[in-house]
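Read through the structure below, which is laid out as C-alpha cells, and then see the notes.
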Amino acid sequence: MPPTLATRQHVPARIADLGFSIEVPAGFAQMSFPDEDVNFERPTASVPLALFASQIAAAVISISARPAYDDGTVEDWLRYLARSFELEVGPASELSLASGLRGVVAAASQMQDGTALRFVLFAFEDGGRLVIAQAMCPEELWPSFGESMRAAILSLALDSPQGHLAPLLAQPPTP
C-alpha cells in the first residue's frame, strides 16, 4: 500500500549550518549512518545529511551536501555527480519550492544488479553549499512510492537559508 500521510520532521545541522525540515512519507524511518571524515578535495565527495527508508520496501530518500563548485550551473553539478554514480539523467528544469528554495529537478534511472531503479533528483545551491535530495526505488515500486517520495524531497525547507549565488540551468548556445 502506498504511503499516504507525511509528517514534517526536523533534521539538525551536521555541517555548514544545514539544518532543515522535510515532509517524510508515512512508513518511512530515519536511518543512521556513520560519521566519516569527508575529503572535499575529491570532486564527487559529499556528506550525508539525512536518510529515510521505507520500512516495507526498497524505497529511499536521501539528502547530502558538499561545497558548491567554483564554476558552472547547478544543473551542470547535478549531472556531473549523477554521472559519477552511473545515473542516466533526463531533462532538467528549474523549480521554486514553497519554502523559497530554487533549484533544479530531474528524473534519473540506473540499472543495478539487474534491477531498474528510478530516481527524482532535486539540487540547489545556497550560500556556496550544494545540496542534493534524491528519491529512489525500483521501477516496479514507483507507482506506489514515487509521488510521495517526490513530494518529500520537494518539501525541503532550510533552517537558515543564505540565498543562492549560482545559476541554475545551463543555457543553450545562441546561434
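Points to keep in mind about this one:
- About its Cα centre, segment 1-157 has a charge dipole of approximately 360 debye under the convention of +1 per Lys or Arg Cβ and -1 per Asp or Glu Cβ, with nothing else charged.
- Counting neighbouring Cβ atoms within 10 Å and putting the fewest first, the residues Thr73, Thr7 line up as Thr7, Thr73.
- Over the chain, DSSP H runs of length four or greater, each weighted -39,500 (n - 2.57), average out per residue to a 222 nm ellipticity of -4000 deg cm²/dmol.
- Residue ranges 26-36, 115-125, 78-88, 141-151 sort as 115-125, 141-151, 78-88, 26-36 when ordered by packing (mean number of other C-beta atoms within 10 Å per residue, highest first).
- Cβ-based net charge around Ala123, under 12 Å, with every Lys or Arg adding one and every Asp or Glu removing one: -1
A short reminder: the numbers here are calculations on the coordinates, not readings from a lab. It should be emphasised that the depicted structure is a prediction, and the values quoted were computed from it without experimental measurement. Cβ: placed from backbone, ideal geometry, glycine included. Neighbour counts: every protein chain shown.
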